[in-house]
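Please treat every number below as a calculation from the coordinates, not as lab data. What you see is a predicted model, and the numbers here were worked out from it, not measured in a lab. We place every Cβ from the backbone using ideal geometry, glycine too, and count neighbours over all the protein chains shown.
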Amino acid sequence: MKRSRRDNRASAKAKTAYPAEQLLAAVAYRNEAMEVHDFRDGGCRVRVPLNRPKWLVPPISWIIPFSSHRQVELDAPGREVLELCDGRRTVEEIIEKFAAVHKLTFREAQLSVTTFLKQLTQRGLVAIVGTK
Amino acid sequence: MRRSATDPTHHGAAPHPPGAARMDRTCWRGLALDHPAAWELARISGPNEPARLTFSDRRYHRLDVKWLQLTRKPNLDGMLDKHRRRTSKQTRTEIRDLPNPPDPWHGIVRDAPDGQVVHVARFFNDRRWLVEAVLIWPDTRDDALQRRVLESFEAEARDADPRLWQAMGLSITLDRQFGLHECRADVGRVTWEFQTSERRSPELTVERLAMPEHWLDGSLRDWLRGQKPEDHRLAREGLVHVNGHRGYELLSWAKVTPIASLRGYKRVRYEQAWQCPSEGRVYHIVLTQIRRQAELTLPGALEVRCCRDVPDVVTSAP
């Protein structure tokens, strides 16, 4: 039977969905190229340089604007998590640290930290490297 | 006699032997059980769903409990046999009787690729409840822990009043006439709403909020004022002491429909908030009712406990 594009996407998603054990053991690396500007309230603005797509050449680039950087504003807890992504700590250790500081249970911290790490990864601020 | 709300031992799990996992107690919709503190609630059934609790540790679901009311006593061995035949056919694995289950539990155990799965069931005669539990042991089965968990199951008496609700770090005692209307568990915010079945019944909301150091910009009093709906007029505000903590109370009211207003009715809202420094949480109670008197007090049996031990998350799960 011919597989639809949606089936293929679902299958690819299923293949890339990691079990909790692997995610917790993965190490979070911060993007070294990012610039951090502090706010007084403990938050910060992060600028990440973007690669110019190869297809974005004149005359397409005359029509589609290209921003050289992506900017993300983080509140104080968000900044804490970003700082904990030092390339040494595992995701589990980041969650433990965040939970201990904010008097949260592991599960409360796990839900918020993993969701936040996913957003940081999508924005190119953090890379999560797993072990086989 | 009302027990001290700050006594850390009451409504807690049975004391655990040295070296054993720290236990926590969950009481939900009349069923109470002890479980390791590292098994946290991952799923909880709301008011219009079949009663169910699922506990997970950091990596796996560990305990799934379902219960339902039956009109007559079921044949537990027959039920388990049926389950054994069906599962054996599907998984093609050997399924054995659970050796020495604590009375009156009946159970079977199945070998899984990375551990064992235990299915147990029992019937509470008084409540006519059939309780089914599935325990997942990823490595080796801890018989002593399994026995402690299963022996701790208790069904509250049919006419128990007040009723204890204890889950997700929130622990309250409340008059039996208040039934659970809604239950929400967002990250760092647990909200339970209760109502009675009477007409124009009071609505009670209890919330437990985490990380106040980040969202509480000003004082708790200012935050409480900010919670008052815009159409409500402030009637009075003041200080209260709850569980030894200084808190604030606020009474406000709003107009209702024109006809009800002509009859002297108004929507009265009473709320309380306090911060528990040892837990690092803010507790918020809201009681609203449509009534003639512009005064409202919390139900007499309501007791919201705080000052619970903050779990040590660095301890590895059992």
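Listed values, structure above:
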read-out: Gyration tensor (alpha-carbon) shape descriptor, segment B:179-298, a/c threshold 1.5; value: prolate
read-out: In Hz, Karplus ³J(HN,Hα) per residue of segment A:97-102 (6.51, -1.76, 1.60; θ = phi - 60°; x = Gly, Pro); value: 5, 4, 5, 5, 5, 9
read-out: For residues of A:104-116, the mean tally of beta carbons on other chains within 10 Å; value: 6
read-out: Most mobile of B:Q293, B:Q69, B:Q90 in a GNM of chain B (Cα contacts under 10 Å); value: B:Q90
read-out: Highest-first arrangement of B:173-184, A:50-61, where packing means the average Cβ count within 10 Å; value: B:173-184, A:50-61
read-out: Karplus (6.51, -1.76, 1.60) ³J(HN,Hα), θ = phi - 60°, over segment B:88-93, in Hz, Gly and Pro reported as x; value: 4, 5, 6, 9, 6, 10
read-out: Where GluC sites (Glu not before Pro) fall in DSSP loop in segment B:73-172, at most 11 other Cβ within 10 Å; value: B:E94
read-out: Highest-fluctuation residue, B:P101, B:P74, B:P113 considered, GNM on chain B with Cα pairs under 10 Å; value: B:P113
read-out: Förster radius 45 Å - calculated FRET efficiency between A:R40 and B:R263, Cβ distance, rounded to 0.05; value: 0.25
read-out: Rg followed by Dmax, in Å, when the protein assembly as shown is reduced to its Cα trace; value: 26.2, 82
read-out: Segment A:19-129: projected area of the alpha-carbon convex hull, averaged over directions, in nm²; value: 8.4
read-out: Within 10 Å of each Cβ in A:89-100, the average number of Cβ atoms from other chains; value: 2
read-out: Where labels lie 7 Å past Cα in the beta-carbon direction, separation of B:L216 and B:H245 in nm; value: 0.7
read-out: Cα-based reach from B:K266 at 16 Å (exclusive), listing aspartates and glutamates while leaving out same-chain residues under 8 positions away; value: B:E203, B:E230, B:D231, B:E295
read-out: Computed [θ] at 222 nm, helices only, for the protein assembly as shown once each DSSP H run of length n ≥ 4 contributes -39500 (n - 2.57); value: -6500 deg cm²/dmol
read-out: For chain B, built as a Gaussian network whose Cα springs stay under 10 Å, the top-fluctuating residue of B:M168, B:M23, B:M79; value: B:M79
read-out: HN-Hα J in Hz across segment A:79-90 - Karplus 6.51, -1.76, 1.60, θ = phi - 60°, x for Gly and Pro; value: 5, 4, 5, 4, 5, 6, 7, 10, x, 10, 6, 7
